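This report refers to the structure that appears directly beneath it.
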Amino acid sequence: MQSSFSELEYAAKKKQTRRDRFLAEIEAVTPWSALEVEIEPFYPKGEGRGRPLIGVGRMLRMYLAQQCFGLSDEGIEDAIYDSQAIRRFLGIDLAREAAPDATTLLKFRRLLETHGLTRKIFEAIKTHLAERGLMMREGTIVDATLIAAPPSTKNRAKARDPEMHQTKKGNQWHFGMKAHIGVDAESGLVHA
């Protein structure tokens with residue numbers, strides 16, 4: 001396939017940005033085929049009417065880019081249009097095709113959550129890194145953070161979320177959920 005003028009211009013630039021380097025590292029250490037194999041049985045086959053299906057590999061890359069940069073669904077859609085580095089990582093040429101929209105990513109994330117695939121993705125990446133000696137295990141720091149939830153019962157169910165609880169941190173009460181994170185003491189990499 002012939003390169004577009006913007007791709008040629010981007011490839012000829014003199015400086016590689018931090019985003020370029022970061023995405024190149026993600027590209028190198030991510031076991032793409034193993035992750036696609038995990039997701040493929042649950043991914044829609046694209047039969048019937050509607051928009052053409054976007055490949056599982058591209059959606060997985062879009063999801064990982066979203067997670068790495070801490071972007072919302074709309075934020076990653078905008079980033080695709082704004083950043084040549086992200087477009088290159090996803091394999092999108094805007095001269096030939098449209099970028100996946102926020103709704104498409106939302107449906108993909110829901111598919112991952114419904115089938116418990118986010119945990120499998122995390123475990124596959126963690127295992128892949130450990131096999132290559134990229135994940136050190138010097139010691140673990142466990143940290144808990146509070147994820148706030150609305151304490152109001154002014155909703156359709158007239159009830160609070162049953163998974164949320166009240167907890168005290170210092171002298172202040174919070175309503176929400178605790179998230180425990182295990183981090184390698186030496187490298188700072190999250191492993192649990």
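The values are calculated or read from the model by the stated rules, or taken from the named source; none is laboratory data. The structure presented is a predicted model; accordingly, all values stated were derived computationally and were not measured. So basically every Cβ, Gly included, is an ideal-geometry build from the backbone, and we count neighbours across all protein chains shown. Keep in mind that these areas ignore ligands, DNA and RNA; they rest on the heavy atoms of the full protein, side chains included. Shrake-Rupley method; radii C 1.70, N 1.55, O 1.52, S 1.80 Å.
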Neighbours by Cβ (under 7 Å, 6+ apart or cross-chain): first from region 28-52, farther than 17 Å from L106 by Cα; second of a type in the set (D, E, K, R) and open to solvent by 80 Å² or more (accessible area, probe 1.4 Å): E38/K120
For region 131-149, does any single residue satisfy the condition of being part of a loop (DSSP other than H, G, I, E, B), hydrophobic (A, V, I, L, M, F, W, C), modelled with pLDDT under 90 and within 21 Å of E27 (Cβ to Cβ)? yes
Take region 40-61 and flag every residue that is at pLDDT 75 or above and closer than 18 Å to A99 by Cα. L53, I54, G55, V56, G57, R58, M59, L60, R61
Somewhere in region 83-98, is a residue part of a helix (DSSP H, G or I), farther than 23 Å from E25 by Cβ, open to solvent by 60 Å² or more (accessible area, probe 1.4 Å) and not charged (D, E, K, R)? no
Going by the structure shown, is V183 within 21 Å of C68 (Cα to Cα), open to solvent by 60 Å² or more (accessible area, probe 1.4 Å) and either modelled with pLDDT of 70 or more or not polar (S, T, N, Q) (or both)? no
